[in-house]
Amino acid sequence: MEPLASATWPKLVITGSWDTASREYRAWVGEAMMACGRIVAERTGATLVRVPGAAHEPHREQPAVVNAALRDIWDRARTEASAG
């Protein structure tokens, strides 16, 4: 994780919120996936985006939300690059 944490570019971790999954599936899979995303974001300094209405495939389940998050981080990267 250290090479990612020390990288200067903006970082993004995207997970589903697992609110649409069954209680059992959320407990067995969703909670672990969300914890992994949270920990990776914390340890690398990434922005964490939890996508409502998505579980394991937020890019397929809620593409507009994921695309907006990607556009935002790319815009931020451009702004930081031009300021630096």
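Rule-based calculations on the coordinates, nothing more; no lab input. These numbers were taken from a predicted model, which means no experiment stands behind them. As a convention, Cβ positions derive from the backbone with ideal geometry for all residues, glycine included, and neighbour counts pool all protein chains shown.
With K and R counted +1 and D and E -1, the other residues having a Cβ less than 10 Å from that of LEU4 yield a net charge of +1. Electrostatic bookkeeping for THR79 treats Lys and Arg as +1 and Asp and Glu as -1; over the other residues with beta carbon under 13 Å from its beta carbon, the sum is 0.
Local charge for ASP19 was computed over the other residues whose Cβ lies under 10 Å away, with Lys and Arg +1 and Asp and Glu -1, and equals +2.
Compared with the dominant principal axis of the Cα atoms in the chain, helix 31-44 is inclined by about 10°.
Dividing the mean sequence gap of close Cα pairs (under 8 Å, 6+ apart) by how many residues the chain holds gives a relative contact order of 37 percent. Estimated from the Cβ-Cβ distance and a Förster radius of 30 angstrom, the FRET efficiency linking ALA77 and HIS56 is about 0.65. Going 7 Å from the Cα of LEU70 toward and past its Cβ, which residues in the range 20-49 have a backbone nitrogen under 18 Å from where you end up? Correct set: 47-49.
No solvent, one uniform scatterer per C-alpha: report log10 I(q)/I(0) for the range 2-83 via the Debye equation at q = 0.15 1/Å, two decimals. Per q value, in the given order, log10 I(q)/I(0) is -0.58.
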